[in-house]
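Asker: If you scroll down you'll find the structure; I have some questions about it.
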Amino acid sequence: GIFNLTSSGPVAVTLGTPGLVNASNVVHYIQDGNSKNGSIASSTFFDYVDTGTTFQIDNPIYASVTQKYVTSDSISFPIQFGVNLTVRYTEQFWVQISSSHDLPSPSQWAVSGSSLTVNVTSPADYDGIGTRYRCTGYTLDNNAPVTDGSVGYTFENIQNTHSITFNWIVQYRLTVSSDHDSPVPSGPDNWYDTGALITVSVTSPADQVG
């Protein structure tokens, strides 16, 4: 007679991972009844996997706490026969955004090669009495501070993790009033940085009649 035999033994599985070059112990499968972890090398994985089992790759895959690879493709595959699989990954970097005042753009993951604009609003955190804060610029990746009063920055062609801290100085409101003449500066909304030297003046005698 004729007998049809079904084997549950291992079959060849090849996985391509465009966008992910190397990663250790991120592939999970069964071989000869034993659980195994496999690695990606040169965007490729190859080994033998038991039929009737599930072949899986991690998502996300962290290269470090500030670099990861993510995919929107399927990451779990039932294995019934030898197969070539592809899972496409996108590299992302962490961008840390810090500010002691206002509500800055949130820290976030940015896709490699993309651009990201971050900003704050200045002045900020007015206390309703006579104190507020003015953004003086920012410190990027621990470089020397930029002190031109910039309230925004655009990261172009992101290829690494970044950090930006917006820097601030306290401002105080100076109200100048006089029963006579027109003082300089005049009015209630004169704001000055802490440590500023301000000259206030009037002309005297004043309000001469005839």
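The values are calculated or read from the model by the stated rules, or taken from the named source; none is laboratory data. Keep in mind the model is a prediction, meaning the values are calculated, not measured. Glycine gets a Cβ as well: all are built from the backbone with ideal geometry, and neighbour counts include every protein chain shown. Accessible surface is based on the protein model in full, side chains and every heavy atom, while ligands, DNA and RNA are left aside. Shrake-Rupley method; radii C 1.70, N 1.55, O 1.52, S 1.80 Å.
Asker: Given a 1.4 angstrom probe, what's the average accessible area per residue across the stretch 103-163, in square angstrom? Please list the in-between numbers first.
Answerer: Details: 3420 Å² over 61 residues.
Heavy-atom accessible area per residue stands at 56 Å².
Asker: If you take the charge dipole of the chain about its Cα centre, with +1 on Lys and Arg Cβ and -1 on Asp and Glu Cβ, which of Leu15, Ile158, Ser64 is farthest toward its positive end?
Answerer: Result: Leu15.
Asker: Let me ask you something else. Send over the semi-axes of the chain's equivalent ellipsoid, whole angstrom and largest first, taken as the square roots of 5 times the C-alpha gyration tensor eigenvalues.
Answerer: After diagonalising the Cα gyration tensor, the semi-axes are 69, 14, 11 Å.
Asker: Tell me the Kirkwood hydrodynamic radius of the stretch 121-167 in angstroms, computed as one over the mean inverse distance between distinct C-alpha pairs.
Answerer: Value: 12.1 Å, from the Cα pair sum.
Asker: Right, next: Using a 1.4 Å probe on the protein chains only, how many percent of the accessible area of the stretch 112-188 belongs to carbon and sulfur? Could the numbers behind the result be given before it?
Answerer: Values: 2030 of 4330 Å².
On the stretch 112-188, the fraction of accessible area on carbon and sulfur atoms equals 47 percent.
Asker: Given R₀ = 35 Å, what would the calculated FRET efficiency be for Val202 paired with Val170, taking r from the Cβ atoms and rounding to 0.05? Display every interim value, and only then the final one.
Answerer: On the way: r = 27 Å, r/R0 = 0.78.
After rounding to 0.05, the efficiency reads 0.80.
Asker: So, one more: Express in nm, to one decimal, how much length is gained between Asp73 and Asp148 on full extension, taking 0.36 nm for each residue of separation and deducting their alpha carbon distance.
Answerer: Details: separation 75, 0.36 × 75 = 27.00 nm, distance 4.47 nm.
Computed gain between Asp73 and Asp148 is 22.5 nm.
Asker: Which value in nm describes the separation of the simple spin-label points at Glu156 and Ile129, placed 7 Å from the Cα toward the beta carbon?
Answerer: 4.6 nm
Asker: Let me ask something additional. Working out 0.36 nm times the residue gap between Asn190 and Thr86, then minus their Cα-Cα distance, what length gain in nm do you get to one decimal?
Answerer: Extra length available between Asn190 and Thr86 comes to 31.1 nm.
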